[in-house]
Amino acid sequence: MKLAVYAVLGLSLAAIDLPAFAAAPAAATQAAAASPAHVKAVQDLLAAMQAEKMLRSVAGRSRYPSEAQRKAVFDKLNRVPPAEVYQRLAAPVARLVSTETAAEMTRFYNSPYGKQVIHNKYNSGPQIVMPGMTAAVPPEEKKERKRAAYVKASKELADAQPAIDSEAFKLLQAINMQKR
């Protein structure tokens, strides 16, 4: 009886023509049409962010049935050139990040402090953080990080990060399925 009620409820919801649901495919197709310049800007951002290391991080957080399968995935990742990772991730990430954000965050990650941020993200070990501790940021960098363009771009990238991680996971699965 419950199954019949759920089936009727599901069919009735599917038959309703809601404007909110009708607008979603149009927005998706609009976002899917990224210009070559936009995709190139995102590729540059992925290079500055060292997205190949992000992919390895995603692989490290994934669960595997055996250590042999985990090793096989990392062996495949080691054979993928970083430029291929940037190229394959650029189009999906371009739907999530604007050209302006890609350009601003590329500029940031190519700065000396941005390179330090990336290095610490992927290469630093565990750190002890006490309440009230803050990272030491050079004064010139503090000023730079208060720029409106950086603040906006940083927020947009942070908001898109879960979806970017999802795209990285999809790419990891595709690489794992390839015969290399």
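Select from the stretch 35-58 the residues that are surrounded by 20 or more Cβ atoms within 10 Å (Cβ to Cβ) and of a type in the set (Gly, Ala, Ser) and list them in ascending order.
If the condition is that a residue be surrounded by 20 or more Cβ atoms within 10 Å (Cβ to Cβ) and of a type in the set (Gly, Ala, Ser), then Ala41, Ala48, Ala51 are the ones that fit.
Of these, Tyr86, Tyr109, which one is among the aromatic types (Phe, Trp, Tyr) and either more than 24 Å from Asp75 (Cβ to Cβ) or more than 13 Å from the chain's Cα centre (by Cα) (or both)? Lay out the reasoning, then the answer.
Working: Tyr86 fails: either more than 24 Å from Asp75 (Cβ to Cβ) or more than 13 Å from the chain's Cα centre (by Cα) (or both).
Result of the check over Tyr86, Tyr109: Tyr109.
Quick check on this structure: which one of Ala158, Ala102, Ala163 is in contact with a helix residue (DSSP H, G or I) (Cβ under 7 Å, 6 or more places away or on another chain) and not β-branched (Val, Ile, Thr)?
Ala102
Quick one: how many residues across the stretch 156-167 are without any contact (Cβ under 8 Å) to a residue 60 or more places away in the chain and either within 17 Å of Val73 (Cβ to Cβ) or of a type outside the set (A, V, I, L, M) (or both)?
5
Only one residue in Glu67, Glu100, Glu84 is touching a residue at least 12 places away in the same chain (Cβ under 8 Å) and either crowded, with 17+ Cβ neighbours inside 10 Å or not basic (Lys, Arg) (or both), so which one is that?
Answer to the check: Glu100.
Which residue out of Lys179, Lys170, Lys152, Lys143 is free of Cβ contacts under 8 Å to residues at least 12 places away in the same chain and assigned to a helix (DSSP H, G or I)? Explain how you work it out, then say what you get.
Values: Lys179 fails: assigned to a helix (DSSP H, G or I); Lys170 fails: free of Cβ contacts under 8 Å to residues at least 12 places away in the same chain; Lys152 fails: free of Cβ contacts under 8 Å to residues at least 12 places away in the same chain.
On inspection, the qualifying residue turns out to be Lys143.
Within the stretch 130-177, count every residue that is of a type in the set (Gly, Ala, Ser) and closer than 25 Å to Lys71 by Cα.
Initially, the stretch 130-177 is screened for residues of a type in the set (Gly, Ala, Ser), giving 132, 135-136, 148-149, 153-154, 158, 160, 163, 166, 168, 174.
Imposing the further condition that a residue be closer than 25 Å to Lys71 by Cα reduces the set to 166, 168, 174.
The qualifying residues number 3.
Values in this text are rule-based calculations from the coordinates and carry no lab data. Since we're looking at a predicted model, the values are computed, not measured. Here the Cβ is made from the backbone with ideal geometry for all residues, glycine too, and neighbour counts use every protein chain on show.
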